[in-house]
1. With no solvent and one point per C-alpha, what does the Debye sum give as log10 I(q)/I(0) for segment 5-72 at q = 0.23, 0.26, 0.28 Å⁻¹?
2. If I model a spin label at Tyr75 and Phe14 as a point 7 Å from the Cα along the Cα→Cβ vector, what separation in nanometres do I get?
3. For Asn40 and Ser65, calculate 0.36 nm times their separation in residues minus their Cα-Cα distance, and state this gained length in nm to one decimal.
4. Ranking Leu48, Leu8 by Cβ neighbours within 10 Å, fewest first, what do you get?
5. Using θ = phi - 60° and the Karplus form 6.51 cos²θ - 1.76 cosθ + 1.60, what ³J(HN,Hα) does each residue of segment 42-57 get, whole Hz, x for Gly and Pro?
Amino acid sequence: MTKSATDLMQEIIFSAVIDSIGALKAASKGVPNTLLRDLNAVHANTTLPDLPPELQAAIAANVRSAFTRLLREGYSVAPAGASAPRVASPPRDLADRAQQQRRRPPPPKPGSTDPRKPRGGGRPNRPPPKPRGS
């Protein structure tokens, strides 16, 4: 049975955290004060060059192994621009759409046999109104 992406990522991250803690212990060379200092130096804005070299190497190895494991489990891993984006058809011009609608004959009216002959029902022809006042 294949693992879900969530389970796989949790295993990868857990392994990376454990390896990183081991690398921090190795970087301190068994001195508790050095280990505590290195742990306290890690904060939200820490960058990779700020970390001890042993921890940098562990992070690099874990990233490589994570990508390898994802590929082995059948997930695709590619840069953001590498996948072919879906290209939508270009929007049709409003003028083209209006022109096509003008070319269509009007739909036949109920009860009419010939759609080209308009039926009555409009305003009846009346003589123009007489001017007021004089």
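Read-outs throughout are calculated quantities, based only on the coordinates presented, and are distinct from any laboratory measurement. From a predicted model like this one, the values you see are computed outputs, not experimental measurements. When we count neighbours, we look across all protein chains shown, and the Cβ atoms used for this are built from the backbone with ideal geometry, even at glycine.
1. So the normalised log intensities work out to -0.99, -1.13, -1.22.
2. Taking the simple label geometry, Tyr75 and Phe14 are separated by 1.5 nm.
3. In short, 6.3 nm is gained.
4. Working: Leu48 9, Leu8 17.
Going from least to most buried by this count: Leu48, Leu8.
5. Here the 3J(HN,Hα) series is 7, 8, 4, 9, 5, 9, 4, x, 6, 7, x, x, 5, 5, 4, 5 Hz.
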